Structure formats: C-alpha cells, structure tokens
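What follows is a single structure, written as structure tokens, with notes after it.
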Amino acid sequence: MQNSTDLFERAQRLIPGGVNSPVRAFRSVGGTPFFTKSAQGAILTTADDQELVDFVCTWGPAIHGHNHPVIREAIGKALEKGTSFGTPNPYEVEMAELIIDLVPSIEKTRMVNSGTEATMTAIRLARGYTGRNKIIKFEGCYHGHADSLLIKAGSGALTLGNPDSAGVPESFAAETIVLPFNDLSAVSNAFETYGDDIAGIILEPYPANVGLIFPRDGYLQGLRDLCSKYESVMIFDEVMTGFRVSAGGVQEKENITPDLTTLGKIIGGGLPVGALGGKSEIMDHLAPMGPVYQAGTLSGNPLAMAAGIAALRLLKEGDCYDRLEQMGAQVRNAISTTLQETGIPAQIPQTGSMFCLYFTDKTVENLDDATQTDTERFNKYFHTCLENGVYIPPSKYEGNFISTAHQQGGIDQACDVFTQALRSL
Ligand code: HOZ
C-alpha cells in the first residue's frame, strides 16, 4: 500500500484539495494529512503503519470505539438480507422507537442521510409550519452546509477562514439573523424587531464546532421562553451532542424542551445517517402528511439502521456514560494540573466524553472569544501530540471525543502525551 504522502499527492490530482471533507485537510494546523487504513477500538492505523490514539472518533460517531464487534455483527446480519429496499423496513420502526424513547422532546422522527439534511429539513419545516421566513442562528454554530446556515459558521468553514461561504445568494442570507451566542438580550431585541417573521431559532445547545462552549446559566431557558412567547420553533441541533453528553442529549441534561431536534453521527453507528424529530404537531407538516416536502432514496437504509440500533442499544446497557465521564475528568485533571505547573494560560471545557483546549486566560463564551485564542500554540500542541501517537482534531475549533474503547489503555497513554506536549510549548 502507498504511504500517506504518496496517497495525498495522488488524491490532490483527483479530488479538490485531496479530501472529501475540508476539515480533514490539515489546512489550519499545517502539514500533510495522514491516511487511515484501518481503525479498531480507540486506535487508528495509518497508511504509514503509525498507530494513533484517536480523539476525533470519526468526528463523533464512534462512541463505542471503531469497528465494535456488536455493531459489526448487526451490519453483517442486515447485509445478508439486502442493502437497500426503497420501501419501509422493520429497522426504521425500531430506530424511531429507540430515538423517541431516549430523547425526551421527540414524539415523531424522520430519518435522513446526514446532519446537513436534518438541519436543512428542520429549517424548512419550521418555515412551513409557521408560515414565516426568518431564522436566527448563532455565530460559530455549525449546522452543516445548507445555504441559509453557512453564515458565520463554525467547523471547517471557520477553520478555513470562510465562515460565510461563496455561492450563498445574498437574498438567502438576508433571511438568516446571526447573533452572538450567550447574549440573551440580542435575541430578545431581534424578536422585538422581527418577531412576526421569525420561523425559528437553531442552535447547538453546547456549540462544539468552535471548540466547546457552554451556555450561561439561564440562557437556554431564556431562548425557550422567547420562542414560546413569539410562537417561533426552537430547534436544538444535537448532531454532535445527541447520545453523547447523555442518552437524551443536552436537552435532557439541561432540562429544556425544544420543539425540534436534529440528530446524526452516533445514531448511524458509523454509517451515514441523520434524523430530525420533535412534536407530532410540527412533524406532521412533513410530506406525505403535510405540505413541507422532504425525501430520500436511501433514508432509513437497512444497514445504517442496523448499525445505529446496535450503537444505541449498547448505550442503554451498563454504565457507559459514567465511564465516559470518568475518562473525560481524567483528561481534564491531567491537563489542568499541567497548566497550573507550567503557567500556560489555557482553558479546558469538558462534559462527559467531549472536551477541547483553548489557549487563552479567559473563559470562552462565544465566537469572538474563540477566535482570539492562540492558534500558533494550538498548532504546535497538535503536532507534538500527533508525533507522539495521539490524534486530536486538526483545528482549534473542533471538539475532541472519547470513546468507551479508550479505557483499554489509550486514555492513560494519551494523558501522558497531552502533559508532555504542554510542557514542550
Ligand atoms: N461536524 C463535523 C465537524 N465538527 C463535520 C466533519 C466534517 O465536516 O467532515
């Protein structure tokens, strides 16, 4: 097999930038991305035969680690029966039951193929349901790459310095009101000005495409109250946090009931899936019940459903979230102790199996704070970790993930590497 350098050279001649998703390209941290030839548990094996403890976890889905035997077996069994039917299938029903059982606010759900499809549909549904046009989104929140959401967006858009993508007509962008996160009065003012035309608010309740930001006390409830007052649809984008921070996502943890929720990543068990769900009264506006059109040839695909069902069932077993929280706390403690020893100004927001490291002396509460953190220091830290066998996301704007598989040795090794990398800065 070719090594990563050769593969990347070949890929760049064939694929824009050599990658099929921009965040993989190492543009922000510099250097050449490695190619992965296999992944098992917490470990990625590169085309160069380097073994890396993986804190990207395929950008969130691999909460049970890579290639989990139970998920693999479920896919294998489903595979024997066929790969796609284009008709309703029993797996979809079981998946809907699991989601509705686990996520408190969801009464009905529709499966799609990615988080982007889920958020795009949720926005259209909010507009169709309310008969209004405008939506509110927050600076640094990333909801996939649908036109009206690629404005002051996080994740790869921000990493590449392109938070307002080319190709989005100004007239589309004009329907999106973009506000700073954690500033309730900005939202209140927007409602006072445009209240009659605001179809909904969409937010990552814990923005994780700009590192990891927590809402101020009362902020989420304040948004809920404003949405209720102005009869606007509250959409929680829990593509990253759903089944990750708890079985019921941020909404369960913070005891907030959104009207719609978008999901992805973990519910596919590593195969491509997204979903949206929420109140029946709103969801029933989707075709064929209602006038809001949405469709997908591969939606509810049997292999993806089988993988996702297995992943969700595993989450329901045992003390998975306690173990993830313990490992998250172990990482936070190791890093915090080293920061104190070295005097390096940095913050490590963490909840359960999600965390990030911001090089700044100030708590990060919004996009402006995040962009002011030290990029050069982060990039040096990233490369030192990588050279020593630990892969963290190749951008200061991405959340890190831990899987249950990290327990088998990976977490201790990684904490040593994090500590050494900080000491070397
Ligand atoms: N939400 C992921 C990044 N935070 C998406 C990964 C990608 O764009 O490839």
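Residues of segment 99-145 that are polar (S, T, N, Q) and assigned to a helix (DSSP H, G or I): 116, 119, 121, 130.
Criterion applied to 155, 185, 165 was being away from the ligand (no atom under 16 Å from the Cβ) and hydroxyl-bearing (Ser, Thr, Tyr), and the one residue passing it is 185. Counting only residues that are touching a strand residue (DSSP E or B) at 6+ places or on another chain (Cβ under 6 Å), over 27 Å from residue 159 (Cα atoms) and of a type in the set (Phe, Trp, Tyr), segment 125-146 holds 0 of them.
None of 83, 36, 58, 45 is hydroxyl-bearing (Ser, Thr, Tyr) and over 26 Å from residue 4 (Cβ atoms) except 83. Scanning segment 40-76 for residues that are crowded, with 20+ Cβ neighbours inside 10 Å, small (Gly, Ala, Ser) and either assigned to a helix (DSSP H, G or I) or within 16 Å of the ligand (Cβ to nearest atom) (or both) turns up 60, 62, 74.
Taken together, 136, 213 contain a single residue that is among the β-branched types (Val, Ile, Thr) and within 16 Å of the ligand (Cβ to nearest atom), which is 213.
Here are some residues: 148, 185, 228. Which one is in a helix (DSSP H, G or I) and touching a helix residue (DSSP H, G or I) at 6+ places or on another chain (Cβ under 6 Å)? Being in a helix (DSSP H, G or I) and touching a helix residue (DSSP H, G or I) at 6+ places or on another chain (Cβ under 6 Å) holds for just one of 148, 185, 228, which is 148.
When residue 148 is tested against the conditions (1) modelled with pLDDT of 95 or more; (2) of a type in the set (S, T, N, Q); (3) within 21 Å of residue 283 (Cα to Cα), the lone failure is (1). Among the candidates 386, 357, the residue that is within 25 Å of residue 154 (Cα to Cα) and within 16 Å of the ligand (Cβ to nearest atom) is uniquely 357. Could you check, for segment 79-91, whether at least one of its residues is surrounded by fewer than 21 Cβ atoms within 10 Å (Cβ to Cβ), more than 16 Å from the ligand (Cβ to nearest atom), closer than 30 Å to residue 288 by Cβ and without any contact (Cβ under 8 Å) to a residue 60 or more places away in the chain? Yes: segment 79-91 contains one or more residues that are surrounded by fewer than 21 Cβ atoms within 10 Å (Cβ to Cβ), more than 16 Å from the ligand (Cβ to nearest atom), closer than 30 Å to residue 288 by Cβ and without any contact (Cβ under 8 Å) to a residue 60 or more places away in the chain. Taking the listed residues 45, 36, the one that is closer than 19 Å to residue 398 by Cβ, touching a strand residue (DSSP E or B) at 6+ places or on another chain (Cβ under 8 Å), of a type in the set (S, T, N, Q) and at pLDDT 95 or above is 36, with no other qualifying.
Each residue in segment 79-94 was checked for being closer than 15 Å to residue 312 by Cβ and of a type in the set (A, V, I, L, M), and 1 of them qualify. Before we move on, is residue 146 over 24 Å from residue 211 (Cβ atoms), out of contact with any Phe, Trp or Tyr (no Cβ under 6 Å at 6 or more places or on another chain), among the aliphatic types (A, V, I, L, M) and without any contact (Cβ under 8 Å) to a residue 40 or more places away in the chain? So residue 146 fails the test. Listed by first and then second residue, the pairs with beta-carbon distance under 9 Å, at least 6 apart or on different chains, first residue in segment 9-27 and away from the ligand (no atom under 13 Å from the Cβ), second of a type in the set (Asp, Glu) and modelled with pLDDT of 95 or more, are 18/9.
In segment 408-425, which residues are in a loop (DSSP other than H, G, I, E, B) and farther than 11 Å from residue 385 by Cβ? Of everything in segment 408-425, those that are in a loop (DSSP other than H, G, I, E, B) and farther than 11 Å from residue 385 by Cβ turn out to be 408, 409, 425. Only one of the listed residues (329, 370, 334) is in a helix (DSSP H, G or I) and over 19 Å from residue 414 (Cβ atoms). That residue is 370.
Looking at 380, 396, just one residue is touching a Gly at 6+ places or on another chain (Cβ under 9 Å), touching a residue at least 12 places away in the same chain (Cβ under 8 Å), among the charged types (D, E, K, R) and buried (at least 16 other Cβ atoms within 10 Å of the Cβ), and that residue is 396.
The values are calculated or read from the model by the stated rules, or taken from the named source; none is laboratory data. If you're wondering where the values come from, they're calculated on a predicted model, not measured in any experiment. Note: ideal-geometry Cβ built from the backbone for every residue, glycine included; neighbour counts use all protein chains shown.
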